[in-house]
Every structure is written in structure tokens, then in C-alpha cells.
Amino acid sequence: MDLTNIQEVKALLARHGFRFSKALGQNFLIADWVPRDIADAAGLDKSCGVVEIGPGVGCLTRELAQRAGKVVAVELDKSLLPVLAETLADFDNVEIVPGDVMKLDLAALVADRLNGFTPHVCANLPYNITTPVLTKLLESGLFRSVTVMIQKEVAQRICAAPGSADYGAFTLLCRYYADCELLFDVPAGCFLPAPKVTSAVVRLAVRDTPPVDVPPEALFKTVRAAFGQRRKTLLNALSSAYSNRFSKDELRQVILDCGLPESVRGEALGLEQFAELARKLDVQP
Ligand code: SAM
């Protein structure tokens, strides 16, 4: 069965009495080049074990199973389980795990089901959980790479340069954990049903060691403070967030000691500059 042929997919889903759920971000791929190119972009071989989030009817799962040693696909919608049992029957290296990826113990999943493989993630993500799921995947420290299709707007935020409108706290979180690359766009017409937005594929190559030497809690506290009040100067944003520990004059001095102008905005700072600020603000002597 061709899992990207719209007529075949519609017939398959009708036979199983399946109804699309908007809440679960169910937009299935119906263009054969897309799952193929996403799986290629993930850079897999038989030593790799892949966690896929949301296999849907299994079109990307099949492509991953052909390239990787093993695929563990987590699917929340129970009504898709009999569909997947049918479409993936010929693959002995795919395991379907029913459940919500946000509630799953990823460390246990990898230890129990991908033992002996190098763990990666590859998925066409449900768009409503893009940011929390990427945060969870990166913070877990479990995966060598994360290759995902997401809304183009979020992909642009992940890969944004300092000073641009898309640059923000999520950019810095992704960059702290990974080298991030926006690979290609996928038009809405490649999905059933078509979403309202354009999608894009990003590859996050997870770093072996963090690019800056500062505890992540301290770094992200400073980052969140700086972006919490976007149109304010860095000094005013930090004044609100750190008022219980520093006077405005002390914060002004910290900013100047970092070699930054007093009028600078958080949007202008790179990861290294945030790390220097965080060391001065949060790391106790
Ligand atoms: N991989 C398929 C494809 O590319 O055609 C389907 C992708 S569709 C955008 C997202 C999939 O994620 C759906 O199958 C949906 O049921 C599933 N899903 C939604 N929320 C989930 C969650 N919290 N945990 C696991 N799967 C989820």
C-alpha cells in the first residue's frame, strides 16, 4: 500500500472508521518525497535507534525503518493502533508504543527499547506541542540528533540570528543544546488535511558539550528575564526580574562590566553574552 497516495490513505482510514482530530495535530503526509527527504535528512544508519513521535498511518515510520536499526514510534491516538498494525506488518524493527510523549519517561523508553543503538529522534510533530516537546527532547540529553517537521514560523525562531524579530528565549534554548539547521520548506498541500501554515524541516545536531560554561538554570533564568519584557531595554527587564537581589545601579554596572551599552536590548545578545551576564547575576561567589 502507498501510504502517501491520498485515495489509498482515505480508503484505509475509512475502513478503520478513523476520524481526524484537530486537537492531536493530525495532518498526515500525502506527498511521497516528504517522508523520504525527512528520513534522509536524519542521517541514519543501522546503528541508529529512532524515536518517532506520532506515526499517524506510518508513512515516515516505514522510511525510518528502512534506514535505521530500530524505530520506536509513540502514538497517542489509540484509534491509529490497528491501522499501524496493518501498515507496518512487514517491518520487524518497528515497535509502536501507545501513549502521550509529554508524559512518557524517555530515559526508560530509550534504555528498555533502544538498548545497543545510538538514539535519535525523527518526526512530523503534532504542531500544538512543538515547543514543549522539543524542550523535553533537548533537556533529556538522550539523543544525538532531532530531525523534525514543524511550523515554518517556529523553525525560523529556532534558527534566528540575534537582533532579528524571530530571535528569542527558545532560539537560545535550542542553540545551547544543539547546532540548528533549517533544511527545507514543505507546502500545506502536502498534507491531509492541509494545515493553514507552511511547514519546515529542521535538524538539531545535539552538542557533546555545552557551548558556554554556565549552569543552564542560571543561563535560562537570565534569558527568560531579558525576553520577558521584550520592548524594554535589558536594564529595565533585568530590574523587574532581579529587583529582590540587585539595585538598578548594580544591574547597570553588571551590564557595563559585560562590555555592553546601558541601552542594549536582550534581543541583541548572543549565547556567550547571556552566559557572561548569568555568571555575574546568578553564580554565587
Ligand atoms: N507521522 C505522520 C505523518 O507524517 O503523516 C503523522 C504526523 S501528525 C502531524 C502528528 C501525529 O502525532 C498524529 O498521529 C497524532 O495522533 C500524534 N500525536 C499527537 N499528540 C501526541 C502526543 N502527545 N504523543 C504522541 N503522539 C501524538
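The values are calculated or read from the model by the stated rules, or taken from the named source; none is laboratory data. Being a predicted model, the structure only gives us computed values, none of them experimental. For neighbour counting, all protein chains shown are included, and Cβ atoms are generated from backbone atoms with ideal geometry for every residue, glycine included. All accessible areas refer to the heavy atoms of the entire protein, side chains included, with ligands and DNA or RNA removed. Shrake-Rupley method; radii C 1.70, N 1.55, O 1.52, S 1.80 Å.
Taking amide hydrogens as placed 1.01 Å from N in the peptide plane, the amide H of residue 178 sits under 5 Å from those of 207, each at least 5 positions away in sequence or on another chain.
Using only the heavy atoms of the protein chains and a 1.4 Å probe, how would 274, 20 rank by accessible area, largest first?
On the way: 274 0, 20 85 Å².
Reading off the accessible areas and sorting them downward yields 20, 274.
Surface composition of the chain: carbon and sulfur make up 50 percent of the accessible area, probe 1.4 Å. Inter-part distance, segment 33-71 to segment 141-164, computed on C-alpha centroids, equals 19 Å. Normalised by 2.2 N^0.38 Å, where N counts its residues, the alpha-carbon radius of gyration of the chain equals 1.14. For residue 248, a cut-off of 21 angstrom between C-alpha atoms picks up these lysines, skipping any fewer than 8 places away in its own chain: 221, 232, 280.
Evaluate E = 1/(1 + (r/R0)^6) for residue 112 and residue 2, where r is the Cβ-Cβ distance and R0 equals 41 Å; express this FRET efficiency to the nearest 0.05. If you can, show how the numbers build up before the last one.
Values: r = 33 Å, r/R0 = 0.80.
The calculated FRET efficiency here is 0.80.
Which order do you get for 176, 127 if you rank them by accessible area with a 1.4 Å probe, largest at the top?
On the way: 176 10, 127 40 Å².
Per-residue accessible area, sorted high to low, gives 127, 176.
How high is the relative contact order of segment 133-285, in percent, with contacts defined as C-alpha pairs under 8 Å that are six or more residues apart? All intermediate terms of the calculation are to be shown ahead of the outcome.
Working: 217 pairs, mean separation 36.7, N = 153.
Here the relative contact order equals 24 percent.
Farthest toward the dipole's positive end in the chain, which of 61, 50, 200, given Cβ charges of +1 (Lys, Arg) and -1 (Asp, Glu) about the Cα centre? The listed residue farthest towards the positive side: 200.
For segment 219-285, compute Rg over Rh where Rg is the Cα radius of gyration and Rh is the Kirkwood radius from the inverse mean 1/r over Cα pairs. Write out the running numbers ahead of the final one.
Values: Rg = 10.3 Å, Rh = 11.5 Å.
Result for segment 219-285 is an Rg/Rh of 0.90.
Note the per residue figure in Å³ for the convex hull of the C-alpha positions in segment 1-152.
Numbers: hull volume 15.7 nm³, N = 152.
Normalising the Cα hull of segment 1-152 by residue number yields 104 Å³.
Just to confirm, what accessible area per residue do you get for segment 211-283 at 1.4 Å probe, in whole Å²? Show your work: numbers first, answer last.
Working: 3630 Å² over 73 residues.
Roughly 50 Å² per residue, with all protein chains present.
In order along segment 198-208, the phi-based Karplus estimate (6.51 cos²θ - 1.76 cosθ + 1.60, θ = phi - 60°) of 3J(HN,Hα) comes to 7, 10, 8, 9, 10, 10, 9, 8, 5, 6, 6 Hz; Gly and Pro are listed as x.
Would you mind getting me the FRET efficiency between residue 263 and residue 197? Use the beta-carbon distance for r and R0 = 35 Å, nearest 0.05. Computed FRET efficiency for residue 263 and residue 197 comes out at 0.50.
Neighbours of residue 190 by Cβ distance under 13 Å: Lys/Arg scored +1, Asp/Glu scored -1, total -1. Computed 3J(HN,Hα) for segment 130-143, one whole-Hz value per residue from the Karplus formula 6.51 cos²θ - 1.76 cosθ + 1.60 where θ = phi - 60°, is 3, 5, x, 6, 5, 4, 4, 5, 5, 5, 5, x, 8, 10, glycine and proline marked x. Comparing 89, 218, 226 in a Gaussian network model of the chain (Cα springs below 10 Å), the most mobile by mean-square fluctuation is 89.
In debye, nearest 20: dipole of segment 156-285 around its Cα centre with unit charges on the Cβ of K, R (+) and D, E (-)? Can you show the working numbers first?
Working: 16 positive and 15 negative charges, 104 e Å.
That gives a dipole near 500 debye.
Listed by chain and number, the lysines whose alpha-carbon sits under 20 Å from that of residue 70, ignoring those within fewer than 8 places in the same chain, are 46.
How do 181-192, 114-125 rank on mean C-beta neighbours within 10 Å, highest first? Mind dumping the intermediate values first?
On the way: 181-192: 15.8, 114-125: 21.4.
Packing proxy ranking, top to bottom: 114-125, 181-192.
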